[in-house]
Each structure stands twice: as C-alpha cells, then as structure tokens.
Amino acid sequence: MQPCSDSHARATVQVYEDDALVYGRTFEDFSNALRDELNRFREANLMVKPSKCTFGRKLVIALRYEISEEGVKPFIKKTSAVLDLERPSNA
C-alpha cells in the first residue's frame, strides 16, 4: 500500500503499514477523500477487505491514539499501564 499513498501528499489520509485512515472536516470532504483513496487503491490493483473496514465514525482508536472531532490524544487505556507504574525507589 505504501507506494500508492506515498506519491500523494494529502492531509486527509494517514497510512501506517496496511492501515489507512481517511478523514475530512465535513462529511462531503470525507466522502471525496474516501473516493479518491479507493480510486488510488484500484489503480494500484490493491484490494480492500470489507470486513476490516468501518466508515463515517466519529471516534477512531488507532495506533494507541484516540482520534475524534476534538483532535488526537493518547488512548488512555493503553497509556494508563505506564502512568500507573510505581516510581523506582533506588534512583
């Protein structure tokens, strides 16, 4: 998937290994970005597995981050284990 997405500098798609996050400020922006990205997949002969796809979500948890209208922040369930560690006593 990387060669297909690297050649286009876009602010509406983030790619990490075999995951692609498509987003937009409005539903119309999202729909246009999704159509463009799916067209790029088709041009590169890439397949999308429908059972692994979700569309139009207000909240996405990916790569230990929570992504929503409010922005990007660490996913607390993943970071709480580190934050709750006891401070070393033999420093």
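Values quoted throughout were computed directly from the atomic coordinates according to the rules given, and no laboratory measurement underlies them. Keep in mind the model is a prediction, meaning the values are calculated, not measured. Cβ: placed from backbone, ideal geometry, glycine included. Neighbour counts: every protein chain shown.
Once you charge only the Cβ atoms, +1 for Lys and Arg and -1 for Asp and Glu, what is the size of the charge dipole of the chain about its Cα centre, to the nearest 20 debye?
Dipole magnitude for the chain comes out near 200 debye.
Do me a favour and compute the ellipsoid semi-axes for the chain from its Cα gyration tensor, root of five times each eigenvalue, largest one first, whole Å. Kindly include the intermediate steps, with their values, before the conclusion.
Working: eigenvalues 213, 50, 28 Å².
Sorted largest first and rounded, they come to 33, 16, 12 Å.
Check which residues have an amide H placed less than 5 Å from E66's amide H, if you skip close sequence neighbours.
K73, F75
Residue by residue through the stretch 16-30, which ³J(HN,Hα) values in whole Hz follow from phi under the Karplus form 6.51 cos²θ - 1.76 cosθ + 1.60 (θ = phi - 60°), with glycine and proline marked x?
My calculation for the stretch 16-30 gives 9, 6, 10, 10, 10, 9, 10, 8, x, 5, 10, 4, 5, 4, 4 Hz in order.
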